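The values are calculated or read from the model by the stated rules, or taken from the named source; none is laboratory data. This one's a predicted model, so the numbers in the text were calculated from it and none came from an experiment. For neighbour counting, all protein chains shown are included, and Cβ atoms are generated from backbone atoms with ideal geometry for every residue, glycine included.
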Amino acid sequence: MNPLFENVQTDEGSSFCSSQVLCEDFTEDHTWHYHPEYELTWNIRGVGTRFIGDSVEPYKPGDLVLVGPNLPHCWYSDQSSDRELSELLVIQFRPDCFGQGFLDLPEAGLIARMLKLANRGLSVTGNTAEFVTRLMEKLVDQRGMDKLLSLAQILNQLAQSDDLVALATPDYNLSADINETNRRRIEKIYDFVRKNVGAEINQPEIADRVGLTSQGFSRFFKKSTGLTFAKFVNMIRVNEACRLLVRDNMEITQIAFLCGYQNISNFNRRFHALKGMTPSEFRLKHRRLSRAS
């Protein structure tokens, strides 16, 4: 089975994503997939089997792993009839969330080395796992610079640890799971949509950019991401709207226009479908949380 590309959305007012996942079966939402972000996953409760590259191992509460960019992975919950809900805490980030050139700094040398090792996936054990999971638990409730500094502290702790075990074998062939041409196509599409989020996005034009016919593009995109292209574009636009709602005091109508929506009713409807609230409710909720923190 070919892995699906996952579109990772950053948290509102943040340069990376942190989330708590609670469900009966992780594969209902996340089957065999990959993304260009690093992913740190802490299994809080639940048992099953995790697949990372060519590594297949059981997981249980306390399991903590770091997965590198574009490394296929998934968690399969135990299918016993009396199983409890499973819960994960996940942090997904790119190194440039700290700014361009961060990993080239002398102070970040150990972190750069550790992240390179994460291309095979790393299991984190011992005292390091205990320390990191406490930081992760605190991070999900933080905002602003405190949140970013907690991520830096987590990476620094991992970089200095001897409690790391590589998961995928050294000769694991990534291209056997991910077609390099298709991966580059997806990243090119993703980059184009993000840079042109406020403009009219023409599917035939993008299809031509990646060397596909319009019909071939639709089939390729659905097979590679599990999403229609229209739904993907809407997710990117709503995420950009969230960023503007948090960071700016612009009128919501202006934000809708900047994010590619020509009709405020359509914007409100699309936003509510993804976020479960209107843009104005979202802005108000974030301001209340910011004042409380």
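Here's the yes/no breakdown for (1) touching a helix residue (DSSP H, G or I) at 6+ places or on another chain (Cβ under 9 Å); (2) of a type outside the set (Asp, Glu); (3) modelled with pLDDT under 95:
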site	(1), (2), (3)
Gly121	no, yes, no
Phe131	yes, yes, no
Ala159	yes, yes, no
Asp162	yes, no, no
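Inside the stretch 140-211, counting only helices (runs of 4 or more DSSP H) that do not spill past its ends, which hold 1 or more residues that are touching a residue at least 40 places away in the same chain (Cβ under 8 Å)? First the steps, then the outcome.
Details: elements: 144-159, 174-177, 180-195, 203-209.
So the answer is 144-159, 174-177, 180-195.
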**Prompt:** Pairs under 6 Å by beta carbon, first residue surrounded by 10 or more Cβ atoms within 10 Å (Cβ to Cβ) in the stretch 97-109, partner of a type in the set (Phe, Trp, Tyr) and not in a helix (DSSP H, G or I), six or more apart or different chains?
**Reply:** Cys97/Phe16
**Message:** What pairs come out if I take residues in the stretch 41-62 that are in contact (Cβ under 8 Å) with a residue 60 or more places away in the chain and pair them with residues that are basic (Lys, Arg) whose C-beta lies under 7 Å away, six or more apart or interchain?
**Reply:** Gly53/Arg120; Glu57/Arg50
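One line per residue, one yes/no per condition, for (1) over 27 Å from Asn234 (Cα atoms); (2) within 18 Å of the chain's Cα centre (by Cα); (3) surrounded by 14 or more Cβ atoms within 10 Å (Cβ to Cβ):
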| position | (1), (2), (3) |
| --- | --- |
| Leu139 | yes, yes, yes |
| Gln157 | yes, no, yes |
| Leu167 | yes, no, yes |
| Asp171 | yes, no, no |
| Asn182 | no, no, yes |
| Arg185 | no, no, yes |
| Asp191 | no, yes, no |
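Name the residues in the stretch 115-127 that are surrounded by fewer than 18 Cβ atoms within 10 Å (Cβ to Cβ) and either part of a helix (DSSP H, G or I) or among the aromatic types (Phe, Trp, Tyr) (or both), would you?
Of the stretch 115-127, the ones surrounded by fewer than 18 Cβ atoms within 10 Å (Cβ to Cβ) are 116-117, 125-127.
Residues satisfying the conditions are Lys116, Leu117, Gly126, Asn127.
Quick grid of which residues meet (1) within 20 Å of the chain's Cα centre (by Cα); (2) in a strand (DSSP E or B); (3) modelled with pLDDT of 95 or more; (4) assigned by TED's automatic domain parsing to the domain that holds Arg237:
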| residue | (1), (2), (3), (4) |
| --- | --- |
| Val8 | yes, no, no, no |
| Ser14 | yes, no, no, no |
| Leu22 | yes, yes, no, no |
| Phe51 | yes, yes, no, no |
| Val56 | no, yes, no, no |
| Pro69 | yes, no, no, no |
| Glu87 | yes, yes, no, no |
| Gln100 | yes, no, no, no |
**Message:** For the list (1) surrounded by 12 or more Cβ atoms within 10 Å (Cβ to Cβ); (2) free of Cβ contacts under 8 Å to residues at least 60 places away in the same chain; (3) assigned to a helix (DSSP H, G or I); (4) not basic (Lys, Arg), I need the number of the one condition that Cys242 fails.
**Reply:** (2)
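Can you tell me which residue among Leu284, Leu274, Leu258, Leu212 is closer than 26 Å to Val140 by Cβ and touching a helix residue (DSSP H, G or I) at 6+ places or on another chain (Cβ under 8 Å)? It would help to see each step written out before you state the result.
On the way: Leu284 fails: touching a helix residue (DSSP H, G or I) at 6+ places or on another chain (Cβ under 8 Å); Leu258 fails: closer than 26 Å to Val140 by Cβ; Leu212 fails: closer than 26 Å to Val140 by Cβ.
Exactly one of Leu284, Leu274, Leu258, Leu212 is closer than 26 Å to Val140 by Cβ and touching a helix residue (DSSP H, G or I) at 6+ places or on another chain (Cβ under 8 Å), namely Leu274.
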**Request:** Tally the residues that are at pLDDT 90 or above, exposed (fewer than 12 other Cβ atoms within 10 Å of the Cβ) and within 26 Å of Glu37 (Cβ to Cβ), restricting the search to the stretch 193-210.
**Result:** 1
